[in-house]
Each structure stands twice: as structure tokens, then as C-alpha cells.
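The structure appears below as C-alpha cells.
None of the figures in this text is laboratory data; all of them are computed from the coordinates on show. Since this is a predicted model, take the numbers as computed values, not measurements. In this analysis, Cβ positions are derived from the backbone assuming ideal geometry, glycine residues included, and neighbour counts consider all displayed protein chains.
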Amino acid sequence: MPGIIEAKDLKKTFGSTVAVDGIAFSVRKGEVFGFLGPNGAGKTTTMKMIACVSPKTSGTLTVLGMDPDEVPEKIKAGLGVVPQETNLDPDFTCYGNLFTYARYFDITEAAAAKKADELLEFVQLTEKRDITVEKLSGGMKRRLILARALVNNPDILILDEPTIGLDPQARHLIWEKLRTLQAQGNTIVLTTHYLDEAARLCDRLVIMDNGRILVEGTPADLVRDHAGREIVEVEKSDEVESCLRDLQIPYEMAGDMIQVATESSRDIARILLDRCRPEKVITRPATLEDVFLKLTGRKLRE
Amino acid sequence: MPHILSIPPVSRRAVKVWHRNLTVFARTWQVNFFPPLVEALLYLFAIGMGIGSYVREIGGVPYVTFIAPAILAIAVMNSAFFECTYGSFVRMYYQKSFDAMIATPLSIEDVIAGELLWGATRSVIYVVIMLPVLAVFGVVSLPLALLAIPLAFLGGLMFAGIAMCFTAITPGIDTLNYPSFLFITPMALFSGTFFPLTLLPAALQYVALALLPLTHLVAIMRMFTQAAVSPVILLHLAWIIVVTLLCCMAAINLMRRRLIV
């Protein structure tokens, strides 16, 4: 069965810059699919192509079984988009934002009014109904944008960094809403820099870098395949390094720590403590963050 | 990439964008209602009565009657031009409203067409408020002067299209000052507004007729308010219609180039 979004050899160039370099992916109906990657990896560009606001350079892309180059207005009628940048309409109240936006989808005035109040309730902003959006906090604005993306009962929800800059309370509320939406059968495509968020929300995800997809899979599979089960961290010192080399245990440098990926942290920790005399040893389960840093490197991106 | 002067695919959804702007305008109508009233009175008193007391008559009509159509035409020009330069730029660049709109079934062509229609509507609103003031002072000839209202829409659409072309290519909001000061302000003075075009040197008259859109708008407006329509009106109308079509097409296509990458 073909996916609800299908991309093959999808490419996007801006002048001589290649933003998306021939990627292929397939999003199934009803799943939460994540795009991860450092800044400039091509995630947002991919989102914009799916959302029919940026035309592809080459390759094929179908969304809801249709071609964004052919019938963008039909596809967009079935999409809900949460952009990275807050672009609520400052000339309207919370209610006015939802009502006006619903009208852009050819929703009747009566239905738009009803939907606006329902959604304010859903994102817990009923009390702020008649307040202009400029007076909202960052978290409230993101919630209102999420509500706005739902005015047309979209088949696919596209979220570009939905919880960027939010405090933990606000993030948890957004996650809760997204899980509710998934339970209702919505397909959700999202990008995020927060790897715990991706691990928590995504059924499947891809990690991108330099316009290409590096790996694809479920968060658990990716962690198991690329970072092992557990990580032992030791404070960096020349003795520990030479000791590890002598024991022929593979390790990686992570800032001022040495990391050893392993299936059994207990054994490695014991060997280290017995033979290498480290200052401090920490054992922890491997996470998506370990996979991410291993695959995309530790160098800072701008 | 479509040619700048190709016909853009605009759908009826453009009306939604127009309606959004109307809603915002209507909510602050008390604020929006007074500038046209005050502007009409200021022009009438300062220029009409002030300068008019020295000039008395131009070509057999009282000076204040001579400038009445210019007051209307300049209002048409200013309201559409400033709406579709500074107003549209703020919505596009600072408020990101266009980005939000094109994530819906609206296309960028619909959005810009809606903005142009709204610019023209601003001109109509201005003229509708000013006209009774001018009528009270007896400087326009009713009922023919009522044709100023549909003319305001056409003229407004022309200046909205011209304005949107500048908005589509301006690097920032400050550079929009250039067309305002170098194009709009001189045009308000040298288009047969406060003195007849025939006072200009012949060469400049041709320049004004060929290049200054306001010249044609003032000429038609004057025929309506003075109830003196001559066949030349067809030439003026044709000039305005052609320029309006070209500028609106260019504006929409240039905006697509700017925003859809």
C-alpha cells in the first residue's frame, strides 16, 4: 500500500546550493514520522515541499496521492501546518485568528465559529478567546498555532519544530495534544531538535544531514543498531585512554568525557574500575542523542 | 518561471484576503473615518480658499472647483499606493501573514490579488467619504460627480498595482521611501492637479501624459466633477486600463518570484 506521503529522489536546489539532495521516504497513514538533523540538514525545505509552498527541483513527490505541482490547493485543503516561525495574525484576537483562518479553507461562517471555539477549548485557551495574540505567552502562541492547523480537520499535520523555545510544562501539553491527535487517527509529520521529543513521539524517523537521509527506522531500532544498548562514560584522562587502547575497547570522545558503547555496561564499568583507575564512571542507557551525534558528528552547525 | 507579464492564475478565493483586510479596517472604522474628512477640509481651506482668493478662476471655473477633482484623485492615489506599499509590506515581511495564508488553499496569486482589490477598495472608501464634503461646499457637480466612485476603484487598482510592484522588489521597508518621495509626491504636484497641465513647457506636458498615471486620473475626475465630459475621456480611460492590467499582472508575478522559492 502506498504511503500518504511518498518521495523518490526528491531534490531541491537554491542556485548552486543543494538543500535536499535526492531523498526518498514514505509516510504511512496514521503514524508520527519525524525528520531529525542539524541546522541546514534540509528538514524545513522538505516540510515546505510537502506543504506545497516550495516547488521541488526534481524527483517525485505525492501527498495524499496528489502531486503538489499539479493541484496544490486540493492537497493544502487536507493539510494542517505549524510553521517554525510564529505567524499568527496580530490584527486579530485568538478567536479571530481561528475564525479567519477557517474561512481561508472555504469553511462556512457558522461552521468556522463553532470550530474556533472547539479548538480554543482543545488547546486550553478559552479564557484568552477575545485577547489579541500579541498579549499571549510563547507557549500560548504555539498552542494557538496548533489549533489553527486543525481548523480544517487535516488528514496530515505538518509540524516544523512545534515546541521550539517552550518551557517543559508547555512542551508536555503540546505532546499530550499530539498524542491525542494521533490516537484519533491523524498522520503527523514533524521536525525537531529535541531528541527526547522525537524518541517520545515518533513511530518512525529519519536523520538527515547535508540534504541526505542517513538512517531511517523506529527510535528503538536506531538506538540499538547505531549506539548499542548502553553507554559508559568516563572522565577524560591520558591514563584512561591508553588503558582503553591496551584493552582494545572501542571508545569515542565526547567533550571532556570518553564514551564506550556496549551491550553490558556492568562488565565494561567493572573492567574500567579495576584496570584503568578512572575518576568517575557513569553508566546509562543509550539514547537517540547518541545515535544523532554519532551519525552527524559533534561539530557545531550554523 | 512565468513571464512577468503572463496572466496569473487568480481564483475567487482572492476575495477572502480582501475580506480579511476589510474586517480589520472595519473594526477600527472610527480611526479610519476621519483622515479623509479632515484631508478634504484642509485642502479646501488652505489651497482652495487661501490660494483661491488670489487666483480666483482658472479657465472660467472658480479655483476651488478646479482643484476639487485633484483632491479626490490624489486621495485615490495615496490611499491605494500606501496601502499596497507599507501596508502590504508589513503584512508580508513583519507579520508573515502571506506565509500563513499560502499554507491554506489560497495561492500566492490569490493573496496578492486580494491585496490589490483591497487597495482599490481603500480608494473607494476615501472618495465616498470625501465626496459629500465637497458637495456641501458646492465644488462638485452632482449627480455626474458620483461617477468618481467607480473611477476611484479603477484608479485605485492602478496605483495598487504600481505600489505592489515596488513592494515586490524592495529590499526593506525604508527603501519604499524612494518611490514615495521621487514618484508619488512630485506626481501629486505636476499632474494638472493644482494648476493646469498647459502651464508646463510642452516637453514636460508630454512627459506627464506619457508617464504620470495621475494626469489621466485627474483629467477624468475633472470631467466628472465639473460635468464636462469630452470624447478625450476614452483616451484617458484606455491609458489607465492598459497600465492597470500591466501593473497588476507584473505585481502578482513579481510577488510569486519573491515569495515562492
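Going by a ≥ b ≥ c, the root eigenvalues of the Cα gyration tensor, does segment A:146-253 fall in the rounded group (a/c under 1.5), the prolate group (a/b larger than b/c) or the oblate group?
Verdict is prolate for segment A:146-253.
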Average Cα contact separation per residue, segment B:14-259, under 8 Å, 6 or more apart, as relative contact order %: 27 percent
q = 0.05, 0.09 Å⁻¹: log10 I(q)/I(0) that the Debye formula gives for the protein assembly as shown, counting C-alpha atoms only: -0.32, -0.79
Three-way shape label, segment B:53-139, alpha-carbon gyration tensor, a/c 1.5: prolate
Percent RCO, i.e. relative contact order, over segment A:229-285, from Cα pairs under 8 Å lying at least 6 residues apart: 53 percent
At q = 0.13, 0.26, 0.28, 0.34 Å⁻¹, base-10 log of I(q)/I(0) for segment A:78-117 (Debye sum, equal scatterers on each alpha carbon): -0.27, -0.95, -1.03, -1.15
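Normalised by the number of residues in segment A:5-223, what is the relative contact order in percent for Cα pairs under 8 Å and 6+ residues apart? Walk me through the numbers on the way to the answer.
Values: 411 pairs, mean separation 65.3, N = 219.
Relative CO of segment A:5-223 lands at 30 percent.
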Pairwise label distance in nanometres, A:Thr180 with A:His193, each label 7 Å out on the Cα-Cβ vector: 2.8 nm
If the convex hull is drawn through the Cα atoms of segment A:229-285, its volume per residue in Å³: 68 Å³
Degrees between helix B:14-27 axis and first principal axis of chain B (Cα, 0 to 90, nearest 10): 60 degrees
Angle between chain B longest axis and helix B:148-169 axis [Cα atoms, degrees, rounded to 10]: 50 degrees
In order through segment A:68-83: 3J(HN,Hα) via Karplus (6.51 cos²θ - 1.76 cosθ + 1.60), integer Hz, x for Gly, Pro: x, 6, 8, 10, x, 5, 6, 5, 4, 5, x, 10, x, 10, 10, x
Calculated log₁₀ intensity ratio I(q)/I(0) where the Debye formula runs over C-alpha points of segment A:179-238, q = 0.12, 0.13, 0.25, 0.28 Å⁻¹: -0.41, -0.48, -1.14, -1.25
Rg [Å, one decimal], Dmax [Å, integer] - chain B, C-alpha atoms: 18.6, 59
Distance between modelled label sites at A:Thr126 and A:Arg284, nm, 7 Å Cα→Cβ extension: 4.1 nm
Between helix A:94-104 and chain A: long-axis angle, C-alpha atoms, 0 to 90°, nearest 10: 70 degrees
Residue-averaged 222 nm ellipticity for chain B, from DSSP H runs of 4+ at -39500 (n - 2.57), nearest 500: -20500 deg cm²/dmol
Rg/Rh for chain A, where both radii come from Cα atoms and Rh is the Kirkwood radius: 1.06
Surrounding net charge for A:Val240, when Lys and Arg each add one and Asp and Glu each subtract one, Cβ distance under 9 Å: -3
Gyration tensor (Cα) of segment A:1-69, equivalent ellipsoid semi-axes in angstrom: 20, 14, 10
Taking only Cα atoms of segment B:1-148, radius of gyration then Dmax in Å: 19.0, 59
